[in-house]
Structures are given as C-alpha cells and as structure tokens.
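Worksheet: one structure, shown below.
The values are calculated or read from the model by the stated rules, or taken from the named source; none is laboratory data. Since we're looking at a predicted model, the values are computed, not measured. All Cβ positions, even for glycine, are placed from backbone atoms using ideal geometry, and neighbour counts span all protein chains on display.
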Amino acid sequence: MTAWAPGPFDNEEAADFIEDLTEAPDWRMVVTLLDHAAGVTGYLEEAEAELAVAAAAVVASCLGAGSVLPDSHADLKDALGKPPEGAANLARRALARVVGPASELDETWQEGEDHDAWLTQIAGLQSLLNGQS
C-alpha cells in the first residue's frame, strides 16, 4: 500500500526524499528538484511533481514564517539553515507548474475527492513562500 494524502510529505516519493535529505542535508538536492519541475515544458510526471512539492515545502519551512516539516524531521530546518538566494522564487515557480496544465499529479488529484484539500495545501505553501504564516 502506498502513502497518499494531501500534505506535502504524505506520499512515498516525498517521504523518501525527506528521509534522504535528513541523512545528508544539502540545498543542492532541493534546488535541483525545484529547477527541474519549474523548467519542464512538456508533461510533468507525478513523481516529479510530488518531489517538487516536498522540495518547495522544505524551502517554505526554512524561510522562518512557519513550518510544514513533519515533527520527526523538525531538526532539518537547523541542519539546512537559510535557503539559498532565489530558492523561494524557484519554489513558487515549481508549485505553479505542479498545479498547471499537463501535470499528472494535478490530474490525479482532480480524479479523486480531495482535490480541494490538496490545492489548499499548495496555497498554504505559496503563502509561506511569500512570507505569510
């Protein structure tokens, strides 16, 4: 059975990502995932989008306005420190791509009953990235 819920770390791709990031905290991994998702011009695969949402959640959590990191990974914020220059803007662009056209993750959520809950999670991340808690 796979994990699946609207939160940014409530799927197996994101859960694996945050475990890996906790073991080896490095902004390069986060930025690479965001850059990839933001730059996709064709179809954005579900796993790529899930990873982009998780990476955006890490950036949002490390900006200081609030945190959506799971309690078991709260120390990651201190381990990573402040996000690199431009990371918040890149995260906003990646999230816009995830909810935009030709996104398998958005299509998948539209097929279920929790699309609005998922969009609310994305909007919350956008708010954190904009410095609002």
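Among the residues making up the range 30-44, a single one is assigned to a helix (DSSP H, G or I) and among the hydroxyl-bearing types (S, T, Y): T32.
Within the range 79-100, the residues that satisfy the criterion of being within 21 Å of L69 (Cβ to Cβ) and either within 15 Å of the chain's Cα centre (by Cα) or assigned to a helix (DSSP H, G or I) (or both) are A79, L80, P83, A87, A88, N89, L90, A91, R92, A94, L95, V98.
Entry remark, the range 1-29: residues being part of a loop (DSSP other than H, G, I, E, B) and either of a type in the set (S, T, N, Q) or under 27 Å from P101 (Cβ atoms) (or both) number 8 in total. Taking first residues from the range 90-119 that are surrounded by fewer than 16 Cβ atoms within 10 Å (Cβ to Cβ) and partners that are not in a helix (DSSP H, G or I), the Cβ contacts under 6 Å between residues at least 6 apart in sequence or on separate chains come to A102/Y43; D114/P6; A117/P6. Being out of contact with any Pro (no Cβ under 8 Å at 6 or more places or on another chain) and surrounded by 18 or more Cβ atoms within 10 Å (Cβ to Cβ) is a property that does not hold for L125.
Here is a check on your reading of the model: is A65 of a type in the set (A, V, I, L, M) and either in a helix (DSSP H, G or I) or touching a Lys or Arg at 6+ places or on another chain (Cβ under 7 Å) (or both)? Spelling it out, it is not the case that A65 is of a type in the set (A, V, I, L, M) and either in a helix (DSSP H, G or I) or touching a Lys or Arg at 6+ places or on another chain (Cβ under 7 Å) (or both). Taking A74, is it closer than 25 Å to V40 by Cα and out of contact with any strand residue (DSSP E or B) (no Cβ under 9 Å at 6 or more places or on another chain)? Spelling it out, it is not the case that A74 is closer than 25 Å to V40 by Cα and out of contact with any strand residue (DSSP E or B) (no Cβ under 9 Å at 6 or more places or on another chain). The lone criterion from (1) in contact with a helix residue (DSSP H, G or I) (Cβ under 7 Å, 6 or more places away or on another chain); (2) under 18 Å from R97 (Cβ atoms) left unmet by T32 is number (1).
Residue-wise test of (1) surrounded by fewer than 17 Cβ atoms within 10 Å (Cβ to Cβ); (2) modelled with pLDDT of 95 or more; (3) touching a strand residue (DSSP E or B) at 6+ places or on another chain (Cβ under 6 Å).
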residue: W4; (1), (2), (3): yes, no, yes
residue: A14; (1), (2), (3): no, yes, no
residue: A24; (1), (2), (3): yes, yes, no
residue: T32; (1), (2), (3): yes, yes, no
residue: A38; (1), (2), (3): no, yes, no
residue: L44; (1), (2), (3): no, yes, yes
residue: A56; (1), (2), (3): no, yes, no
residue: V68; (1), (2), (3): no, no, no
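For the range 23-36, a tally of residues being under 15 Å from the mean Cα position of the chain (by Cα) and within 21 Å of H73 (Cβ to Cβ) returns 8. Would a scan of the range 6-13 turn up a residue that is of a type in the set (G, A, S) and within 11 Å of the chain's Cα centre (by Cα)? Looking for residues that are of a type in the set (G, A, S) and within 11 Å of the chain's Cα centre (by Cα), one finds at least one in the range 6-13, hence yes.
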